[in-house]
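The values are calculated or read from the model by the stated rules, or taken from the named source; none is laboratory data. If you're wondering where the values come from, they're calculated on a predicted model, not measured in any experiment. Heads up, the Cβs are rebuilt from the backbone with ideal geometry, glycines too, and the neighbour counts pull from every protein chain shown.
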Amino acid sequence: MNTPIPPDSDSARQHWNEALAAGPLCLSLERLAEPALDAGEQAHVQTCPRCHTERALMLDFEAALPADGEGAAVEWIARETRRRLFPEAVAERQPAHGVGWWRLPTWATSMAAGLAIAVGAYLMVRSPSPVFEPGEPGAVYRTAAVEMVSPLGDLDAVPAELTWRAVDGAARYEVRVLEVDGTEIWRTTTSSPSVATPDVVRAAAKPARTLAWAVAAMDASGRPVAEPASATFRVAAGVTPQGA
Amino acid sequence: MSWQDASDEELLQAYRQATPADKRELASQLFDRHYTRVARWCFRFTGERESAADLAQNVFVNVYRHLESFQGASRFSTWLYTITRHECLARLRRDRGRPEESDEDALVDVPTADPGPDTLAEQQSRADYAHKVLVDTLDEVERQVFTLHYGDDMPLDHITRLLRLTNASGAKAYIVSAKRKLAKAVRRIDARGERL
């Protein structure tokens, strides 16, 4: 079949639109969300722009890392969303401001009212969501999941090391660095909550290229003691990777 | 009871078994973990906080409506991503006056394809050539920009924010570069007589 390239006409754009839709061999979002993929899945993601892009976006969504200049807006949106959905949780803590119920769609207001009726007089006041403050990497926390410390998100330089918070009861950590398509670049095991970035990862950390890294915590017998975690990082364009 | 250390899946399990009053509390606790994640995505999509808050609200209202039926075929955050992405693209279609897809399409736990063998082969062969050209010709960022722009009809300014592109002209530069490379590639392919 003839693929018209580049997409300079309506028919060409339509063709690309169809070609870039998720196909029957595309991975489910559940699979795309996994840090590590099996060989067949990796092979598909490497050759499928749809799955490759979807996986990059999903890993970014999971990581939820801030970008420059958006912190205040994102905080406001999160707070506002919570206020609209669970007004009882914030009503006694702060006066309503900004976008009020009067600006909500009718269906949303009705739904909220219905929920309120269903719940009756059950009101609860909770503390606002805690703001994440990175702690000392060496500190020990009891946690349901490994907490990644760095590298996270966009970087100005290739990271010197990979660091996470120590997990109570962990005797060793398995660390992996992966391409977005799931191809494993490097793997190691360590007893410390950090590891120096090896040359193979430095070389792979090309500008504007997203890499994923994952950490699993295990006790002395090899049993998991926390949920494994993953994160992504990306060296900004224009930075020369060391060791490349 | 404190659910601070519980996983999302444990919270969901408790939610399914809870009384109506407790369900609301459990949903609130679950959502607290994800407001920022959804807010960030929506803000990058719209570039404006009021409309992003409307989008985020729609996402969580949809999640709340279907939380009972979510059976955990995927992680909660994966399901949430699916709904967030769907809501953002639906907003794009609404803004352009195009018919919306059913919400239900995005609200199943995780959609998986189940085509017959003939359909599978036909669809795959149609896409394979295009994919090969893209993979052979474009770099990673160009492919992502191209896929979102031509595959999802996503505007370039949205893509710039979603991919956090910091170059002066954002996604536009990548599209220009991609089209130039594709034009060069097709001339090369035509010259060799390899066009399928």
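Annotation: A:Leu65 fulfils all but one of (1) within 7 Å of chain B (Cβ to nearest Cβ); (2) at pLDDT below 80; (3) surrounded by fewer than 20 Cβ atoms within 10 Å (Cβ to Cβ); the unmet one is (1). One residue stands out in region A:33-59 among those that are closer than 19 Å to B:Val38 by Cα and facing another protein chain (nearest Cβ under 8 Å): the one that is surrounded by the most Cβ atoms within 10 Å (Cβ to Cβ), namely A:Ala56. Is it fair to say B:Ala52 is assigned to a helix (DSSP H, G or I), crowded, with 23+ Cβ neighbours inside 10 Å, within 10 Å of chain A (Cβ to nearest Cβ) and at pLDDT 90 or above? Yes: the conditions hold for B:Ala52. Annotation: A:Gly71 fulfils all but one of (1) modelled with pLDDT of 90 or more; (2) more than 7 Å from chain B (Cβ to nearest Cβ); the unmet one is (1).
For region A:220-236, filtered to residues that are surrounded by 14 or more Cβ atoms within 10 Å (Cβ to Cβ) and either among the aliphatic types (A, V, I, L, M) or in a loop (DSSP other than H, G, I, E, B) (or both), the residue that is modelled with the lowest pLDDT is A:Ala236.
Would you confirm whether any residue within region B:76-92 is of a type in the set (S, T, N, Q), within 25 Å of A:Thr53 (Cα to Cα) and surrounded by fewer than 21 Cβ atoms within 10 Å (Cβ to Cβ)? Within region B:76-92, one or more residues are of a type in the set (S, T, N, Q), within 25 Å of A:Thr53 (Cα to Cα) and surrounded by fewer than 21 Cβ atoms within 10 Å (Cβ to Cβ). Of the residues in region A:39-90, how many are farther than 23 Å from B:Arg49 by Cα and of a type in the set (Val, Ile, Thr)? So the answer is 3. Number of residues in region B:4-26 that are assigned to a loop (DSSP other than H, G, I, E, B) and exposed (fewer than 14 other Cβ atoms within 10 Å of the Cβ): the value is 3.
Of all residues in region A:180-219, those satisfying the criterion of being assigned to a strand (DSSP E or B) and more than 16 Å from A:Pro159 (Cβ to Cβ) are A:Glu184, A:Arg187, A:Thr189, A:Ala216, A:Ala217, A:Met218.
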